[in-house]
Each structure stands twice: as C-alpha cells, then as structure tokens.
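Enquirer: What follows is a single structure, and I will ask about it in a moment.
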Amino acid sequence: MDPAAALRQIALHLERSAAPTYRVRAFRRAADVVADLPADDLARHVADGTLTALPGIGEATAGVVIDAVEGREPAYLARVLGEDSALPDGGALRDALRGDCHTHSDWSDGAATIEEMAEAARALGHEYLVLTDHSPRLTVARGLSERRLRDQLAVLADLRARIAPFRVLSGIEVDILADGTLDQDPDLMAELDVVVASAHSKLRMPEQEMTQRLLTAVANPLVTVLGHCTGRLLTRRGRPESEFDARAVFTACRDHDVAVEINSRPERLDPPRRLLRTAREIGCRFAVDSDAHAPGQLGWLPYGCARALECGIDPSDVINTLPADDLIAWSRSR
C-alpha cells in the first residue's frame, strides 16, 4: 500500500466522522512529507526507526507508514474504516445521486482547493460537484465579493478541461438578508448554474418576520435551493430551530419550483423529519446535500439520503439525481 495514499485516506475518513481539524491536518501533512521523500530514504527511515525525526511525522502517522511499507493494512486505517460502518447506506437514493449541490472550498471557509474537492467527489462515483462558496456579507466565512466570484468563475473555466468528464458546476450559497433579499449581484447570480439561498444571521427573529423573509427569498427567480431552512445545530452548545410557517414556505417552494435542501451534516440534519414530511406532502422537490467544507465531508450524504427515504421522499423528486445538463436546464428555466 502507498503510505501517502493511506494517510490521505485516513484524513478523509476522519473528516467524515467530524474529527477535530488538527487531527485531519496532521495526517494530511504527514502524507505530503512522505510523498515528497524518495522511496529509498523512506525505507531507510522505516528500517532505522527514525520516521518521527521527520517534520510532520508523529507516532500515529509513523505507525501508518510502517504498516504500509511492510505490506500490511495500517491498523489505524482499519479502525477508521470500521467506524465508517456506522454510516447509513442511503439505499436507492444514495445510488441515484449524481452530484452534490452544496459544497465549499478554500475560496471561502472550506479546507481544500476546488480541485481537491472535485477529486474527492469523483472518488465517490459522482458525475459533478456544485461549488457554492459563501457570499460577501458572511465575512467570518470569507464570503466572495463580486470580483472574487468572477475570479472563481475564470478558475472554473480553466479547470473544466483538466478534469473532464467530471464537472464542477458554478454556484454560490447566497445569504438571505433580514428583509429576504439576496447578498450578491443579481446579474452575476444569473450566470451561475445553481444558487443555494440560506439564512445565517438573526435566526431567532419572530416567526412572522422569518416567514416573510423566507417567502421573499424563495420568490426570487434566481434561487434554485432553499438551504438548511431551520438553521438548527444539534451538537456542542446547539442552536434551536428558526420558527416560521412551514406550510406557507414549503408551498412557496413548490409553486416557485425551489428545492428544499436536506442538509446531511450530522450536526445539522436540517430540516427535521416532521418538516420533511410536510414538504413531501405539499409536493416539494428536494436536494440532498453534504454542505461539505472538506473532502471527507462529501461522504455525509448517506445521512440525508436515509432521512429522505424514512420520510417517503422518492428519488425522482431529488434534483441531484439529474444529470448535470438537466440540472442546469431546470435551474435556469424556472
């Protein structure tokens, strides 16, 4: 086994299990060190027991390298693979997904380059990835100004030729402001393949005001997906759900053909099942998304798929089961 590949695989699975960022970075840094080392030098360090003398190599990462070089499956890798078995399989819906409509890169608050995210998505068997970095008002997430978003579009145009037939579609997670308007230039958003609209601030505003805020956003013809609609967080200190008239908002989603996001992040799992069932009964379409900020987090999709199936959502009502061209055509025709 290639020791650098083993270290990177461990990093991916640690991300998937929401391990601390410092631990993920330790395995990625060790992978870079090992990959840059000539094979003879690496073998010598293994034989001499001096791997930990190398910068970025600790006891745990050295153990992975030794196992790999000596022809064994690294024990650390076997352990994290076993922990991954706790993921639901996502059933027929997971098999039907062709891509992910909500992802972030290091252009905003993600931890990896666009190309690294694309490679991880391709390894999962996806056909495309929609890049949806944040919009400018979310300064804590290094949201993209109009100029930076245009720069990103130029980068995507160059990247497409290198990674074909896999595709990275253009998009944004645009902030829904308190009055329901969207935090990016409308003409620029009209050039994008997918627009995910999400509220990130004032999540505890009164129910009537939050309802109107979401209704205004959903009525915008540029919006493709309503992202993590309750804004809740389930872990650490947590955060309660935003309060709004769910039937009114989901009816507007249906009438304006805006997909309701099923956010697969394990600390979100948003919206809750009772709201998913309401949206299904009303006749909404859905997007099962990872909201990934790192390559390994793309593997969170089974969480959303399993919840969708539990709530009776048919794969045919999930927009990211569509081929890329059909998704783009649907997004732009509404």
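The values are calculated or read from the model by the stated rules, or taken from the named source; none is laboratory data. Small disclaimer: the values here were computed from a predicted structure and weren't measured. Every residue, glycine as well, gets a Cβ built from its backbone with ideal geometry; the counts of neighbours run over all protein chains shown. The accessibility values were calculated without ligands, DNA or RNA, using every heavy atom of the protein model including side chains. Shrake-Rupley method; radii C 1.70, N 1.55, O 1.52, S 1.80 Å.
Enquirer: So ILE163 fits all but one of (1) touching a strand residue (DSSP E or B) at 6+ places or on another chain (Cβ under 9 Å); (2) open to solvent by less than 10 Å² (accessible area, probe 1.4 Å); what number is the exception?
Expert: ILE163 satisfies all of (1) touching a strand residue (DSSP E or B) at 6+ places or on another chain (Cβ under 9 Å); (2) open to solvent by less than 10 Å² (accessible area, probe 1.4 Å) except (1).
Enquirer: Which ones in the range 39-62 are within 13 Å of ALA4 (Cα to Cα) and open to solvent by 30 Å² or more (accessible area, probe 1.4 Å)?
Expert: ALA39
Enquirer: Further question on the same structure: For GLY296, all conditions in the list (1) touching a residue at least 12 places away in the same chain (Cβ under 8 Å); (2) open to solvent by 40 Å² or more (accessible area, probe 1.4 Å) hold save one; what is the number of the exception?
Expert: All conditions pass for GLY296, except number (2).
Enquirer: Quick one: how many residues across the range 1-20 are more than 16 Å from GLY299 (Cα to Cα), assigned to a helix (DSSP H, G or I) and not small (Gly, Ala, Ser)?
Expert: 2
Enquirer: Could you check the range 248-266 and list, in sequence order, the residues that are of a type in the set (Gly, Ala, Ser) and open to solvent by 10 Å² or more (accessible area, probe 1.4 Å)? Walk me through it before giving the result.
Expert: Filtering the range 248-266 down to residues of a type in the set (Gly, Ala, Ser) leaves 248, 252, 259, 264.
ALA248, ALA252, listed by residue number.
Enquirer: Can you tell me which residue in the range 79-104 is nearest to the chain's Cα centre (by Cα), limited to those that are more than 14 Å from SER17 (Cα to Cα) and open to solvent by 40 Å² or more (accessible area, probe 1.4 Å)? I'd like the intermediate steps shown before the answer.
Expert: Residues of the range 79-104 more than 14 Å from SER17 (Cα to Cα): 89-104.
Restricting the remaining residues to those that are open to solvent by 40 Å² or more (accessible area, probe 1.4 Å) gives 89, 92, 95, 98.
On the way: ASP89: 17, ALA92: 20, ASP95: 17, ARG98: 14 Å.
Checked the range 79-104; the qualifying residue nearest to the chain's Cα centre (by Cα) is ARG98.
Enquirer: Provide a single number: the residues in the range 198-216 that are in contact with a Ser or Thr (Cβ under 8 Å, 6 or more places away or on another chain), open to solvent by less than 10 Å² (accessible area, probe 1.4 Å) and within 19 Å of ARG334 (Cα to Cα).
Expert: Qualifying residue count, the range 198-216: 0.
Enquirer: Filter the range 185-241 down to the residues that are farther than 20 Å from HIS256 by Cβ and among the hydrophobic types (A, V, I, L, M, F, W, C) and list them by number.
Expert: LEU188, LEU203, MET205, LEU233, LEU234
Enquirer: Within the set of pairs 6+ apart or on separate chains, which have a first residue in the range 197-212 that is closer than 23 Å to GLY238 by Cβ, a second that is part of a helix (DSSP H, G or I) and among the aromatic types (Phe, Trp, Tyr), and C-beta atoms under 6 Å apart?
Expert: Hits for this filter: zero, empty list.
Enquirer: Determine which single condition GLU243 fails, assuming it passes every other condition in (1) outside any helix (DSSP H, G or I); (2) at pLDDT 95 or above; (3) touching a Ser or Thr at 6+ places or on another chain (Cβ under 7 Å).
Expert: Failed condition: (3).
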